[in-house]
Each structure stands twice: as C-alpha cells, then as structure tokens.
Amino acid sequence: MATEEWNRIVTELPSRLEDSRAYTAQGRVAAYIPELAHAPGNALGIAIMNGASGIITAGDVALPFTLQSISKVFTLLLALMDKGESGVFAKVGMEPTGDNFNSMLKLELVDPGIPFNPLINAGAIAVSSLIAGADPAEKSERILTFFRQLAGDPTIGYNDAVYRSETATAHRNRSLAYFLKANGVLEEDVEEVLEVYFKHCSIEVNCTQLARMAQVLAFDGTDPVTGRQLIPRRYVQIAKSFMITCGMYNESGAFAIRVGLPAKSGVSGGILALVPGKYGIGVVGPALNAKGNSTAGVHLLETLSTEFDWSIF
Ligand code: GLN
C-alpha cells in the first residue's frame, strides 16, 4: 500500500535527481582500474524499493556497473554464514581506519597484523579467503549464487573486461595480500585468494538489482518479495554496523552526520543504502570525489534523507 511518503517520493524523485546530477561535474571517474574509466561521468541513477509492493526509479537506472567494494558487504555476510563470528573475527577487526580503502599503513601498526575491518581492501581480501569452497572456482560460484539469490535475479554475472583489467593492474592489492600472507592472515595461495576477490568486485548490476539486494538488509535478512529468510538477522546487524562505521571509506563519519543511513559505496560509483524496515536503495553515479564516493550519489542521498527525515540517529 502506497504511503503518503511513497507518493511524495514518486513525485519529487525526478527533479531531486536532476538537481543532484550537477554534482557529477565535481567528481572524476575512477581510472586506476583502466576499464572503469569508460563509465559516463555525468550519469546518475537511483532505484528505491519498498519491500514487496513497489519500486521507484529515476535517471540512468539501466546503466550497468560493477559492484566493486559494495560486494564486500555480501562476502562478509557469506563468510559469517560459512565460518561464524569467531572464524571471521579471528582474521579481521571491527574498527574504522580513517585511512584510504587501499592503505596498508595500519597493517604494520597493530599486533596481530590483521586488517582493521572487512570493508577496506585488506579486510575484504582476508574475507575472500574465508568463503567455503574447494578451490577459487567453487568459492566464486558460491558467491555469485548468493548474490543472485539476494537480487532475486539469476541473470546477474561478471563483467569480464573489468575483471581482467583489475587482475592485470592490481599491484597495490597484490602487495596488501602478500603482506597478509606474511602476517599469517592468509593461509591459502595469494593469487587464488585474489582471484576470488577480483571476481566478486567485478559482478555487474544495475540500480534496480542493487536496490533489491539492499532491501534484504533493510528487512533484517528476509527478502520481502518472497518472505524467505536469506541471512541470519545477527549477521545483518553486524554488516549494517560496519556500513555505518566504515561503509563510505574514510568519509563514513561525514556520511553518518549528513545522511545517517547504513550504506556502502564502490569505485564504480555505485552506492547501496537502506532505510531500515522501509526501503532498499541502489544508486549509481560514476564521478567520484577524492575519497572514492560518488559526488552526485552522496548529494542525492543527503537530499532525500534530509527531506524525508530518514536518518537512523
Ligand atoms: N576492486 C576495487 C579495488 O580493490 C574495489 C575498491 C573499491 O571499490 N573501493 O581496488
């Protein structure tokens, strides 16, 4: 049943989105993974799902983009389902770093040298190693199956060009991973772990598919469309806590103050956000600020959260 708020979103979303689109000019498309540089810098799209009954979209919603760091939330959830809290938190911490997402600075500052949290690259690489499976192919297959189930869409797949582009150029992630191996965090072959990591970063979606994944988190692990519990509630609680403290990289504090919603961004310009118990939101705006977050995407979420009083705080 459509609420008054839902009707207002229907009416206001197109103009709000066009207002925010101006902010794409303040950002730049990521180019350190060469294939990502082809994304349209002025694009902005959003999909909002309200549980079972409806979806509202505006802007460039058909634009496909790779999940990149957004995938880290869901591999964390799968690792928790595979290994439990004790298994995961033996390899990765619970604290934000305040550093860039691909920084290795803090790895040497703590003892034991485990990554600070699962949403920075080092932490997500450690999490990739925890996914159950006999080999990288089986681990990747399990991740893709899980993501498809959350999106309610069996057609979701990889962007092979992005996967190959990252594999060929990921010198920094390789150095992080070898460092983790030296610290005893990774027990498996480093290149095999990286294969799993690069693969899940290159899973491609559009805003609608991302919004559907987000709403499983908004409804505590239950897919509101099918009514099936896909993830234990406790694990969703852990994921949402990380999204608040670390989900927007080293801009998570500002995002919590300005938007106040659990969210996760990726360098392709995607942002997954959720309004607990209400909406799953998928955004894409490939032009990024210096921290790696979509300039226009953050602006649009801030506008909507302010307008509709969505902050959880
Ligand atoms: N695949 C990207 C990387 O490892 C993901 C990073 C991101 O989205 N911030 O660099």
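Just to be sure, is I9 in contact with a Leu (Cβ under 9 Å, 6 or more places away or on another chain), of a type outside the set (S, T, N, Q), assigned to a strand (DSSP E or B) and open to solvent by less than 60 Å² (accessible area, probe 1.4 Å)? Judged against the criteria, I9 is not a match.
Cβ-Cβ below 7 Å, separation at least six or inter-chain, first residue in segment 12-30 and away from the ligand (no atom under 16 Å from the Cβ), second open to solvent by 90 Å² or more (accessible area, probe 1.4 Å): which pairs? As it stands, the answer is R21/N42; T24/N42, since those pairs meet every condition given.
Looking for something outside any loop (DSSP other than H, G, I, E, B) and at pLDDT below 95 - is there at least one such residue anywhere in segment 90-106? Yes. Scanning segment 276-297 for residues being among the hydrophobic types (A, V, I, L, M, F, W, C), open to solvent by 10 Å² or more (accessible area, probe 1.4 Å) and out of contact with any Gly (no Cβ under 8 Å at 6 or more places or on another chain) gives a total of 1. Looking only at residues in segment 154-203 that are within 13 Å of the ligand (Cβ to nearest atom) and not in a helix (DSSP H, G or I), the one that is most open to solvent (accessible area, probe 1.4 Å) is Y158. All conditions but one from (1) under 17 Å from A47 (Cβ atoms); (2) touching a helix residue (DSSP H, G or I) at 6+ places or on another chain (Cβ under 7 Å); (3) more than 16 Å from the ligand (Cβ to nearest atom) apply to M213; the one that does not is (3). Working carefully through the options R212, R228, R164, R172, find the one that is of a type in the set (D, E, K, R) and free of Cβ contacts under 8 Å to residues at least 12 places away in the same chain. Of R212, R228, R164, R172, the one residue that is of a type in the set (D, E, K, R) and free of Cβ contacts under 8 Å to residues at least 12 places away in the same chain is R228.
Look at (1) under 29 Å from I46 (Cα atoms); (2) open to solvent by 30 Å² or more (accessible area, probe 1.4 Å); (3) assigned to a helix (DSSP H, G or I) and you find that D82 fails only one, number (1). Note on segment 231-261: residues that are more than 16 Å from the ligand (Cβ to nearest atom), outside any helix (DSSP H, G or I) and open to solvent by less than 20 Å² (accessible area, probe 1.4 Å) amount to 4.
Every test in (1) surrounded by fewer than 24 Cβ atoms within 10 Å (Cβ to Cβ); (2) within 17 Å of L304 (Cα to Cα) is passed by G45 save one, and that test is (1).
Residue count for segment 128-139 satisfying the condition of being over 18 Å from K91 (Cβ atoms) and either in contact with a Gly (Cβ under 8 Å, 6 or more places away or on another chain) or in a loop (DSSP other than H, G, I, E, B) (or both): 2.
When segment 134-148 is limited to residues that are in contact (Cβ under 8 Å) with a residue 24 or more places away in the chain and over 20 Å from V216 (Cβ atoms), the one that is surrounded by the most Cβ atoms within 10 Å (Cβ to Cβ) turns out to be K139. Evaluating E166 against the criteria (1) farther than 20 Å from P286 by Cα; (2) modelled with pLDDT of 95 or more leaves one unmet condition, (1).
The values are calculated or read from the model by the stated rules, or taken from the named source; none is laboratory data. Note that the structure is predicted; figures quoted are calculated from it, not measured. Heads up, the Cβs are rebuilt from the backbone with ideal geometry, glycines too, and the neighbour counts pull from every protein chain shown. We work out accessible area using only protein heavy atoms, side chains counted, and drop any ligands, DNA or RNA first. Shrake-Rupley method; radii C 1.70, N 1.55, O 1.52, S 1.80 Å.
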